[in-house]
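The values are calculated or read from the model by the stated rules, or taken from the named source; none is laboratory data. Remember, it's a predicted structure, so these values are computed and weren't measured experimentally. A quick note on method: Cβ atoms are made from the backbone with ideal geometry, for glycine too, and the neighbour counts reach across all protein chains shown. The protein model used for the area step is the full one, side chains on, heavy atoms only, and it has no ligands, DNA or RNA in it. Shrake-Rupley method; radii C 1.70, N 1.55, O 1.52, S 1.80 Å.
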Amino acid sequence: MAYNSTYEGGIFIKVFSSEFFKKDTFVSSEQVFSYAKASELTTMHVCYNVNDPFISIMGASIVSVLENNRDCQFVFHVFTDGISETNTGMLETLAKQYKTCIKLYLLDMTPFEDFHIKVARFSRITYARIAMQIVLAGEAPRFIYVDADAICVNSLQELWHWAMNGAAMGAVSEIPESVKRRGGYLKLKSGKYFNDGIMLVDVVEWNKQQITQQAFAYQKEPKERFLGQSQDVLNLVFDGKNTFLPQKYNLYGGGELALDDAVFIHWTGRRKPWQMVLSDYDALWRKYNHLSPWPDITHVDPIKEPKNYHDFKQWGLYQKRIGNYGGLAKGLFWYSVLRLRYKSRRKK
């Protein structure tokens, strides 16, 4: 075993050997679907970590990157804890369709088993983003990490060539309210806190600064110490010493505040564009889903459950903005009906 356990001052500590932080520790198997033609175009590396149910969601994200960056070549690195034969075939089809390269890494999740899970619906695969740098050492000088629930809507050239000035990673700050709440909860000294859903990573500098090793030091910490998962761990490691990128590179919240220079739209909340269409960016996500090999997601209105009554009001107002007043009436009708059902259930 590449680590052993010890207790110091009543605290459980994992002590890792130098052999632990190597590619073979994390990767069980690897498949490469390479259909890229020889070219002098800039080659960019883009990474995702995702479990099998989100592979199709990630497919729309990959398509968005390709559609908006036809002046570049890409290598997509997909890290997963398990994948079906169907989704594996779809990834190869996508690589053929766009004449690109997709590398699929099946991870051994054992090294991650002592990281906390804050919310039951979340997956431990999120922690893969702290070990990608070990796997890609010597292959990619830098990469752009993208959450599966984000799409690219503009060129990545400026981001790819962003000057890191010795920093191992660049990310966008959370909004001031979240910085205060989350940074304060973690007791960060810098007063800064970033969202790790989009990151520009300098692989050489990351490994030189041993960021992965520092992140693994937070294994076995009680989940009550954190409000999130990998994002909190990385903020504790960096504590403001990363590069902070402009907001346009990670417009979370589904792009509600997006301007024309937006680069990534990121659905960070519970509402997702494959659940309903409440904005032009939701509709754009459906376009990229349609262009992917995976089946189209066609329903555009929310699920008719009492807890979703707020969604119908937003959906109706969006229908009004696009000139569909029948949709407005439908949205407000179901908002009223489901709101009454929701209120009546709460009284019982």
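Here are a few things to note about the model shown:
- Rounded percent of accessible protein surface that carbon and sulfur make up, the range 172-290, 1.4 Å probe: 51 percent
- Kirkwood-type radius of the range 13-112, with distances r between different C-alpha atoms, in Å: 14.6 Å
- The chain - charge dipole about Cα centre, Lys and Arg +1 at Cβ, Asp and Glu -1, debye rounded to 20: 1900 debye
- Relative contact order of the range 219-336, defined on C-alpha pairs under 8 angstrom at six or more residues apart (%): 13 percent
- Inter-part distance, the range 300-320 to the range 254-277, computed on C-alpha centroids, equals 16 Å.
- Length-normalised contact order for the chain - Cα pairs under 8 Å, 6+ apart - percent: 16 percent
- For the peptides 286-299, 127-140, the ranking by mean Cβ contacts within 10 Å, running from highest to lowest, is 127-140, 286-299.
- Gaussian network model of the chain, Cα within-10 Å springs - most flexible of K22, K208, K103: K208
- q = 0.18, 0.21, 0.27 Å⁻¹: log10 I(q)/I(0) that the Debye formula gives for the range 177-236, counting C-alpha atoms only: -0.69, -0.91, -1.24
- Site pair S29 and Q210 shows an inter-label distance of 3.5 nm when each label is modelled 7 Å from Cα along Cα→Cβ.
- Gaussian network model of the chain, Cα within-10 Å springs - most flexible of T110, T100, T25: T110
- FRET efficiency for K187 and K304, using Cβ-Cβ distance with R0 set to 41 Å, rounded to 0.05: 0.40
- Net charge contributed by nearby residues that have their C-beta within less than 14 Å of T100 (K/R +1, D/E -1): +2
- Per the Cα gyration tensor, the chain maps to an equivalent ellipsoid with semi-axes of 34, 27, 20 Å, ordered largest to smallest.
- Exceeding the 32 Å Cα-Cα cut-off - candidates K96/K307; K248/K320; K180/K287: K96/K307; K180/K287
- For the pair A137 and N165, a Förster radius of 25 Å applied to the C-beta separation gives a FRET efficiency near 0.75, rounded to the nearest 0.05.
- Cα-Cα separations in the range 132-271 greater than 18 Å, expressed as whole percent: 56 percent
- The calculated pair-distance distribution of the range 209-348 uses every alpha carbon pair, bins of 5 angstrom beginning at 0, and gives 2, 9, 13, 13, 14, 13, 12, 11, 8, 4, 2, 0 percent.
- Computed over the range 296-348: relative contact order in percent, which uses C-alpha pairs under 8 Å that are six or more apart: 38 percent
- Per residue, in Å², the accessible surface of the range 120-249 once ligands and nucleic acids are set aside, probe 1.4 Å: 40 Å²
- Put simply, the range 274-335 fits an ellipsoid with semi-axes of 22, 14, 8 Å; these come from the alpha carbon gyration tensor as the roots of five times its eigenvalues, largest first.
- Model label zone, L340; criterion: amide N under 11 Å from point 7 Å along Cα-to-beta-carbon; scope the range 283-316: none
- Inter-centroid distance (Cα atoms) of the range 39-69 relative to the range 119-161, Å: 10 Å
- Summarising the strand pairing of the chain, around 55 percent of its internal DSSP beta bridges are antiparallel.
- Distance in nm between pseudo-label sites at D71 and A283 (7 Å out along the Cβ direction from Cα): 2.8 nm
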